[in-house]
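Participant: Okay, here's the structure, questions in a sec.
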Amino acid sequence: MSAPEVLIFGAGAVGAFYGSRLAHAGAPVSAVCRSNYAAVKASGFSIASPQFGEYSWTPTRVFPSAAEAVAAGVRWSFIVVTTKALPDVSDDSALLDGLVGPGTAIVLVQNGLGVEEPYRQRFPHAAILSAVTVVSASQPSPGRIDHNRWTRINIGPFLPDVSDGEETHAATAQAREFARLLVAGGVKDASAYSHRKLQQVRWHKIAINASFNPSSVLSNGTSNRAMAEDPELAEHVRGVMDEVLTTAPKVLGAPFPAEFASADSILASTRRNVSGSRPSMWGDWEAGRPMEIEVIIGNPIRLARAKGLEMPRMQTLYALIKMAQANRDALRKSQSRL
Ligand SMILES: NC(=O)c1ccc[n+]([C@@H]2O[C@H](COP(=O)([O-])OP(=O)(O)OC[C@H]3O[C@@H](n4cnc5c(N)ncnc54)[C@H](OP(=O)(O)O)[C@@H]3O)[C@@H](O)[C@H]2O)c1
């Protein structure tokens, strides 16, 4: 059997890191780039990692756009979407038209909730795999990837309408194959989960992202550790986390697994974090880029409301961060006209 052809769609920090590990496992891995296209086409990626050291990765093919990837006529086994999830800015699922063929699995390695839905609607016959990672990675310059910490990634089939037979569903087998490839590429803590458990992981990560990310921006760039150490901010962050952690089981119809961390233990481990790092939403805010507000804060609120549940702390953050972004963008626009 030939090795599965993998296409990384949006090869930034996360896409290049996991793409390089899949390539290490022996898969031909290609990449659709955008602002880093010229650099990656010329010299590939150079990656620095505490686990894997300094290494370079040259994708099998490098494309400047999805249209160019379509023109290559490759039969993709996995299309790994690692763009930022910005449904209020663009529907990236439309860019995969012509790339998804029989047997293609679309793997969404993105933060947030509801990221699968546009892909499921556009490609009802394709396997949609949902993936959550806790990796910490960045791209400080085009083609240069800093893998800072952690590798864990969980992958599950997205099968919201399948109550029986998930075990024998093709998407379940594809999720396991994708996890197997990552493990073979050195990502020892890659593992395949069921649809339900993967959605539980997504909600659990929302507790962290939806509390720390906007709070950092709204408090003018406070680091995660400083938020966990400041008494008032810690109380606020704990309140948001608790709100998400108590609402999610009601939305999902099942309690969280006992091993999932509580708000207090997340705060305690954040206090031990000596890196002084800030959430990526702060980086997006500072650089004037759109923030993943809708998938991290808006969609959880909407999913809860669909079940008759309100999350007032989340709603407050949503209203404030959305308006902060609108005001920032309006100011930049008016300044650029001067
Ligand atoms: N970085 C982390 O440590 C981390 C950890 C956990 C989860 N995540 C999640 O993983 C996802 C990816 O994050 P990231 O940090 O890897 O973001 P990133 O570094 O900004 O990478 C996204 C890449 O996608 C490219 N892209 C966007 N639209 C494109 C298009 N239409 N065609 C081709 N390329 C396109 C971007 O190009 P441009 O440079 O032109 O914008 C960029 O290179 C996000 O949902 C994030 O929340 C990230």
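Each reported figure results from applying straightforward, stated rules to the coordinates on display, with no laboratory input. Computed from a predicted structure; not experimentally measured. Quick reminder, even Gly has a Cβ in these numbers, built from the backbone with ideal geometry, and neighbours come from all protein chains shown.
Participant: Counting DSSP beta bridges with both partners in the chain, what percentage is antiparallel, nearest 5?
Facilitator: Antiparallel: roughly 35 percent of the beta bridges in the chain.
Participant: Quote the relative contact order of the chain in percent (integer), defining contacts as alpha-carbon pairs under 8 Å separated by 6+ residues.
Facilitator: Values: 590 pairs, mean separation 51.7, N = 338.
Taking the mean separation of contacting Cα pairs over the length of the chain, I get 15 percent.
Participant: Taking θ = phi - 60°, what integer Hz values does the Karplus form 6.51 cos²θ - 1.76 cosθ + 1.60 yield along segment 273-286, in sequence order, with x for Gly and Pro?
Facilitator: Calculated HN-Hα couplings, in order: 6, 8, 6, x, 6, 10, x, 5, 4, 5, x, 5, 4, 4 Hz.
Participant: Calculated FRET efficiency, Trp150 and Glu232, Cβ-Cβ r, R0 35 Å, to nearest 0.05?
Facilitator: Plugging the Cβ-Cβ distance into 1/(1 + (r/R0)^6) gives 0.75.
Participant: Another one. Would you list Lys197, Lys250 from fewest to most Cβ contacts within 10 Å?
Facilitator: Details: Lys197 17, Lys250 13.
With the sparsest Cβ surroundings first, the list reads Lys250, Lys197.
Participant: Using modelled amide H (1.01 Å from N, peptide plane; none on Pro or chain starts), what sits under 5 Å from the amide H of Arg149, excluding residues fewer than 5 places away?
Facilitator: Ser136
Participant: Could you run the Karplus curve 6.51 cos²θ - 1.76 cosθ + 1.60 with θ = phi - 60° over segment 255-272 and give me ³J(HN,Hα) per residue in whole Hz, x for Gly and Pro?
Facilitator: My calculation for segment 255-272 gives x, 5, x, 4, 6, 5, 5, 7, 4, 5, 6, 5, 5, 5, 6, 5, 5, 7 Hz in order.
Participant: Right, here's the next one. Given charges of +1 on the Cβ of Lys and Arg and -1 on the Cβ of Asp and Glu, with all other atoms neutral, how large is the dipole of segment 198-337 about its Cα centre, in debye to the nearest 20?
Facilitator: For segment 198-337, the charge dipole is close to 480 debye.
Participant: Using a 10 Å cut-off around each Cβ, can you sort Leu99, Leu129 from fewest to most neighbouring Cβ atoms?
Facilitator: So the residues, fewest neighbours to most, are Leu99, Leu129.
Participant: Using amide H atoms built 1.01 Å from N in the peptide plane, name the residues 5+ places from Val80, or on other chains, whose amide H lies under 5 Å from its own.
Facilitator: Here Leu7, Ile8, Phe9, Val107 satisfy the definition.
Participant: Based on the Cβ-Cβ distance of Asp88 and Ser262, what FRET efficiency does E = 1/(1 + (r/R0)^6) give at R0 = 30 Å, to the nearest 0.05?
Facilitator: 0.40
Participant: Same structure again: Taking the chain as a Gaussian network, where each spring joins two C-alpha atoms under 10 Å apart, which residue of Leu96, Leu245, Leu309 fluctuates the most?
Facilitator: Comparing Leu96, Leu245, Leu309 in a Gaussian network model of the chain, the most mobile one is Leu309.
Participant: If each residue of separation counts as 0.36 nm, what is the full-extension length gain between Ala38 and Ser275 once their alpha-carbon separation is subtracted?
Facilitator: Here the answer is 82.2 nm.
Participant: Can you give the calculated 222 nm mean residue ellipticity of the chain, where each DSSP H run of n ≥ 4 adds -39,500 (n - 2.57) and the sum is split over every residue, rounded to the nearest 500 deg cm²/dmol?
Facilitator: On the way: 12 runs with 148 residues, N = 338.
Using -39500 (n - 2.57) per qualifying helix, the result is -13500 deg cm²/dmol.
Participant: Here's another thing I want to ask about it. How much of the calculated P(r) for segment 6-193 lies past 21 Å, in percent of all Cα pairs?
Facilitator: 46
Participant: Once the piece of chain linking Ser194 and Met323 is laid out straight, how much longer is it, given 0.36 nm per residue of separation minus the C-alpha distance between them?
Facilitator: Value of the extension gain: 42.8 nm.
Participant: What does the highest-first list of 136-148, 72-84 look like by mean Cβ count within 10 Å?
Facilitator: So the order, starting with the most tightly packed, is 72-84, 136-148.
Participant: Pull up the DSSP beta bridges for segment 6-193 and report the antiparallel fraction as a percent, rounded to 5. Please list the in-between numbers first.
Facilitator: Values: 14 of 39 bridges.
Bridges in segment 6-193 that DSSP calls antiparallel: roughly 35 percent.
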